[in-house]
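K.L.:
Got a structure here, written out as structure tokens. Questions coming.
The values are calculated or read from the model by the stated rules, or taken from the named source; none is laboratory data. Predicted model only: the values in this text are computed from it and were never measured. Here the Cβ positions follow ideal geometry from the backbone for every residue, glycine too, while neighbour counts run over all protein chains shown.
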Amino acid sequence: MISDKYDVVKKIKTTNHASVYLVRHRQLDTIRIAKVISKDVPDYSRLVSEAMLIKDLKYDGLPIIYDIEEDNISICIIEEYIAGKSLEEYIQDAAPLTLSQIVDIAVSVCTIVEYLHESALIAHLDIKPSNIMIQDNSDENGKLAVHLIDFDSSRRRDSKEKSFYGTLGYAAPEQFFGEGSSLSDIYSIGILIAYMVNGGRLQSIMDDIQHVCDLHSKSIGPVIKKCLRHNQSQRYRSIAELKKDLERRGRKFKVHNNTARDVDQSRTHIYVSGTRHGIGTTHFCLCMASFLARQGKTVMILRHGDERDLKSDRILKYMNRSKNRCKGIIMHCGVIIRPEYSGGINFDGICEENNKHMLFQIHDLGTDNKKHDRGMNILIGDCGYRRGDYDAMDKSDKDTIIFINHISGVEFYQYTRKMSGLHRCYRFPCMYDWDKRNKLFEEAMFEIFGFQKKGFRL
């Protein structure tokens, strides 16, 4: 039963509860969603009550309920049509999300759910990727427009109903006993974050989640773990507390990646500098390029500096030593160098103008420690020997990622405790062969770039 005011464009889906259609309002010429619920379905009264529950809600990120019509056999709910992709579709179509993007999406979901919990006194109880819509019309800060849909499982926070509603894999343990609450939404958001961090894959849910938490133990892992506590009292006490923790951690490890989806702008610029000459800046660039290449990424290193730096650089020793040849290039002051060492600087082309599909450009800046607003900034320093290095790192921009060279694990812990606390700091291990794998270094790289860790073995 759909009102004469609407023309059916297409049928979207049929669930156990309802048939969902895309419809067009004849007079207004606008697209809307029509959800038709038969009075014969066992959950009819509950579904109708939930529709009534949200019909008066007016909040950014929630669909508007325009109309509710009823006849002898069914009820028809007319909702706002949210253009865009589900989070599930968005992740599959997009490049891997950075941790910063993941936090932004999670915070947006928390903001909507916070309104439901605190102002509307409603628990959603079915937060999952297919119920989150993403629109590409980002705001001036680059944040995506996020919407939460499908309130078929929702109920008032004070409801005494003892029935299971939700989705297996995302529902909290207590929902299976009909005891869903606002704390259940916190659990589902924890699963949602793990899903995004793992690149949209959670086949073996608990195993994958443990893997994600271990891999990101210094950033987002503790948030996921706290959300997923089996005991509700050990989770975040409220969605507001979860949101606050996400925002705090987001500020701590936020990086300015160029993540434009357009092919001509699909490059991520990484600017690497050192506190002084000989600190290992070039060696770090090579290690990072090799890691990115092993992940199937296209990489180019651009050298900056003068000819004296190049001539004295130890990297030249590698160029004639190795029997293996790579396809990569190093550009220095407009001069193209084709190294003959092994590894993974993969760039099919000679210059940027000839290749529009380059994904990563690593800029080796030497000692030029200046922030670049259009990319990721990395500073290599040495706390172990020189006080000036520590000062340079501590005073650097808070978005700068710091790698500390020539330092033991104990010293690293001591020095980072003294720093202001807003930097992302990692220890750069002794890596004599830049094209070899090192567990400590790879763990840091996986965390920074948000790649899925696939079968890593030393």
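K.L.:
Scan region 160-170 and tell me whether some residue there is modelled with pLDDT of 90 or more and either in a loop (DSSP other than H, G, I, E, B) or surrounded by 20 or more Cβ atoms within 10 Å (Cβ to Cβ) (or both).
P.N.:
yes
K.L.:
Name the one entry in Ser45, Ser74 that is without any contact (Cβ under 8 Å) to a residue 12 or more places away in the chain and not assigned by TED's automatic domain parsing to the domain that holds His124.
P.N.:
After ruling out the rest, the residue left standing is Ser45.
K.L.:
Something else: Considering only region 85-95, I want to know if a residue exists there that is in contact (Cβ under 8 Å) with a residue 24 or more places away in the chain, assigned to a helix (DSSP H, G or I), assigned by TED's automatic domain parsing to the domain that holds His216 and loosely packed, with under 15 Cβ neighbours inside 10 Å.
P.N.:
The answer is yes, given that some residue of region 85-95 is in contact (Cβ under 8 Å) with a residue 24 or more places away in the chain, assigned to a helix (DSSP H, G or I), assigned by TED's automatic domain parsing to the domain that holds His216 and loosely packed, with under 15 Cβ neighbours inside 10 Å.
K.L.:
Any idea which of Ile33, Ile37, Ile2 is at pLDDT below 90, in a strand (DSSP E or B) and buried (at least 16 other Cβ atoms within 10 Å of the Cβ)?
P.N.:
Ile37
K.L.:
Follow-up question, since we're still on this one. Considering only region 64-79, I want to know if a residue exists there that is in a strand (DSSP E or B), among the polar types (S, T, N, Q) and either on the phi < 0 side of the Ramachandran plot or in contact with a Lys or Arg (Cβ under 6 Å, 6 or more places away or on another chain) (or both).
P.N.:
yes
K.L.:
Search region 199-227 for residues that are farther than 26 Å from Arg251 by Cβ and assigned by TED's automatic domain parsing to the domain that holds Asp104 and pair each with any residue that is of a type in the set (Val, Ile, Thr) and modelled with pLDDT of 75 or more when their beta-carbon atoms are under 8 Å apart and the residues are at least 6 apart or on different chains.
P.N.:
Partner pairs satisfying both residue conditions: Leu202/Ile191; Leu202/Ile209; Ile205/Ile191.
K.L.:
Restricting to region 5-30, and then to whatever is in contact (Cβ under 8 Å) with a residue 24 or more places away in the chain and assigned to a strand (DSSP E or B), can you tell me which residue is farthest from the chain's Cα centre (by Cα)?
P.N.:
Tyr6
K.L.:
Next question, about the same structure. Of a type outside the set (D, E, K, R), part of a helix (DSSP H, G or I) and modelled with pLDDT under 80: does that describe Met206?
P.N.:
Judged against the criteria, Met206 is a match.
K.L.:
Scan region 59-67 and tell me whether some residue there is touching a Ser or Thr at 6+ places or on another chain (Cβ under 6 Å) and of a type outside the set (Phe, Trp, Tyr).
P.N.:
Scanning region 59-67, I find no residue that is touching a Ser or Thr at 6+ places or on another chain (Cβ under 6 Å) and of a type outside the set (Phe, Trp, Tyr), so the answer is no.
K.L.:
Is it the case, given these coordinates, that Leu53 is part of a loop (DSSP other than H, G, I, E, B) and within 26 Å of Ile31 (Cα to Cα)?
P.N.:
So Leu53 does not fit the description; no.
K.L.:
So which residues in region 417-447 are at pLDDT below 75 and crowded, with 19+ Cβ neighbours inside 10 Å?
P.N.:
His423, Trp434, Asp435 - these are the residues of region 417-447 that are at pLDDT below 75 and crowded, with 19+ Cβ neighbours inside 10 Å.
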